[in-house]
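Undergrad: Supplied in structure tokens, the structure appears directly below.
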Amino acid sequence: MPILQAEHLEKTFAAASQAGAAVAAVCDVNLAIEVGECVAITGASGSGKSTLLHMLGGITRPTAGSVMLEGIDLATLDDDALALVRRRRIGFVFQRYNLLPELSLVENVALPLVLDGVPFLQSNAAAMSSLETVGMEHRAGHRPDELSGGEQQRGAIARALVAAPAIVLADEPTGALDSVNSRRVIELLHRLAIEQKQTIILVTHDASIAREAGRIIRVQDGRIESDLPSTGAPR
Ligand SMILES: Nc1ncnc2c1ncn2[C@@H]1O[C@H](COP(=O)(O)OP(=O)(O)O)[C@@H](O)[C@H]1O
Ligand SMILES: [Mg+2]
């Protein structure tokens, strides 16, 4: 069974004004992703990559079609149940980290567990272990503004991993990083797919990063233009 499956997935945004036209951001997307795959989604700006990723991750509800995560049709879940699935089964990494500035790094990483009612000692230990995975445990007590962009993004990845999600979705996670830090973040994501059998879906418009994934899905005007194994993958 695929871990993630989309069928006839669509998202149309209503017109902003009566004179405007509706935007078909994603049209008739079909895909199936297996456990442990590392998939790159690529395409021009405005082609619908983020909208697609948000629907796959249960952040946005589709206007038509379905998303099945681990055999569960996300459309059958109410908002509370969907929030739980997002917190427990899906790790989301954003281009701009989205760490809370008033919390220390370890508090940021522990937050998904704290929100889920996990006791402090346990959530703190899990957060420290997640920080070790990304090589950031020595910065646990620092606030985000005391860290570089690359360090903040590794922290954000630690937060995405803390609940041991089945799948990690990353939307242009290196978009705000220099080449050295981009490299570290991408290597980290690949390592997770291999060592922890985590399923990784990564949006990028960097062709060299896309080539390193095992599979490349190209999106154009909201549709899948091609979905092919990558020949440049390192494994
Ligand atoms: N909340 C929204 N309301 C209206 N239009 C949107 C919204 N989000 C995205 N769009 C439009 O949908 C299309 C795809 O956007 P997006 O998924 O962000 O593309 P990408 O991530 O590939 O740059 C664009 O035309 C964008 O303007
Ligand atoms: Mg985008």
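Undergrad: Just subtract the alpha-carbon distance of residue 66 and residue 79 from 0.36 nm times their residue separation and send over the number in nm, one decimal.
TA: 3.1 nm
Undergrad: Using the Cα centre of region 1-135 as the reference point, and only Cβ charges (+1 on K/R, -1 on D/E), how large is the resulting charge dipole? Debye, rounded to the nearest 20.
TA: Charge dipole of region 1-135: 300 debye, to the nearest 20.
Undergrad: For region 32-41, in order, what is each residue's ³J(HN,Hα) by Karplus, 6.51 cos²θ - 1.76 cosθ + 1.60 with θ = phi - 60°, in whole Hz (x at glycine and Pro)?
TA: Karplus-based 3J(HN,Hα) across region 32-41 equals 9, 10, 8, 4, x, 6, 10, 10, 9, 10 Hz.
Undergrad: Any idea what angle helix 79-89 forms with the longest principal axis of the chain, computed on alpha-carbon atoms, 0 to 90 degrees, nearest 10?
TA: Result, in degrees: 60.
Undergrad: Return, ordered by residue number, the residues of region 93-131 whose backbone nitrogen is under 11 Å from a label point located 7 Å along Cα→Cβ of residue 146.
TA: From region 93-131, the list is 104-106.
Undergrad: Spin-label point model (7 Å from Cα, Cβ direction): what's the residue 194 to residue 103 distance in nm?
TA: Here the answer is 3.1 nm between the modelled labels.
Undergrad: Here's another thing I want to ask about it. Using 0.36 nm per residue of separation minus the Cα-Cα distance, give me the extension gain between residue 178 and residue 23 in nm, one decimal.
TA: So the chain would gain 52.5 nm between residue 178 and residue 23.
Undergrad: Please arrange 55, 136, 68, 1 by counting, for each residue, the other beta carbons lying within 10 Å of its beta carbon, fewest first.
TA: Arranged by neighbour count, lowest to highest, 55, 136, 68, 1 become 1, 68, 136, 55.
Undergrad: Fewest first, what order do 143, 154 take by the number of other Cβ atoms within 10 Å?
TA: Taking fewest neighbouring Cβ atoms as first place, the list is 143, 154.
We did not get these values from a lab; they are worked out from the coordinates using the rules stated. Quick caveat: nothing in here was measured; it's all calculated off a predicted structure. Here Cβ is always computed from backbone atoms with ideal geometry, including for glycine, and neighbour counts include all displayed protein chains.
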